[in-house]
1. Kindly provide log₁₀ I(q)/I(0) values, in the same order as q = 0.11, 0.19, 0.21, 0.27 Å⁻¹, from the Debye equation applied to equal alpha-carbon scatterers of segment 30-115.
2. At 4 °C and 1.567 mPa s, what whole-number value in µm²/s does Stokes-Einstein give for the translational diffusion of segment 89-136, with Rh from the Kirkwood sum over Cα pairs?
3. Kindly express, to the nearest 10 degrees and within the range 0 to 90, the angle between helix 91-109's C-alpha long axis and the longest C-alpha principal axis of the chain.
4. At a 1.4 Å probe radius, carbon and sulfur cover how many percent of the accessible area of segment 9-144?
5. Could you report the chain's accessible area per residue, 1.4 Å probe, as an integer in Å²?
6. Quick check: the angle from helix 16-26's long axis to the longest principal axis of the chain, C-alpha only, nearest 10 degrees?
7. Over the Cα atoms, compute the radius of gyration (one decimal) and Dmax (the largest Cα-Cα distance, rounded to a whole number) for segment 1-41, in Å.
8. If amide hydrogens are placed 1.01 Å from N in the peptide plane, which non-local residues have theirs closer than 5 Å to the one on ALA74?
Amino acid sequence: MPPCLDVYVWIPERRPGIFGRFIESYVADPGEDHRLQAFTRTYVLGITTEADADEGFSLYLRGREHYQAIICVARDGAAVLGLSVEAPDNRQERLTQAAKLIEQLRRQFSAPAGLAGVELPPPRDHAEWQEEFQVELRVGAVPT
């Protein structure tokens, strides 16, 4: 498989409605994934068990129209939502595609910031969001 362009937006506060809308909009066949069922039970419905409670993890899911939909529960109470798509070889084309996806996600989820890069892992906290390694495009600012 060719490399993926990973696009993320920062959600300052974890809210069940945002997770639910992201899953509904971007995740293919959400009922078939047991990891997603546990995530939904904990972070969308608010039904937690000791086994479910965990801080700072990423969930890579099969996307509806994109290769992957990514949900990251950040260690500092925030969330990062992302999409992976095939990365165009042409850098300018890649940046244009990334900018469009970032703006789409920012509008849909009222996200203050977004970033993108090829094979970029999701930032798990505010400090990782600020790192420059592999980041090709950064839009907006994360509130402090």
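1. Summing over Cα pairs of segment 30-115 leads to -0.37, -0.97, -1.11, -1.42.
2. 112
3. 30
4. 49
5. Per-residue value: 52 Å².
6. Its long axis makes an angle of about 50 degrees.
7. Rg and Dmax of segment 1-41, Cα atoms, are 12.4, 34 Å.
8. Under 5 Å from the amide H of ALA74: ALA79, VAL80.
The values are calculated or read from the model by the stated rules, or taken from the named source; none is laboratory data. Nothing here was measured: the structure is a model prediction, and the numbers come from that model. Counting neighbours? That spans all protein chains shown, and the Cβs are built from the backbone with ideal geometry, glycine included. Side chains included, ligands, DNA and RNA excluded: accessible areas come from the protein's heavy atoms. Shrake-Rupley method; radii C 1.70, N 1.55, O 1.52, S 1.80 Å.
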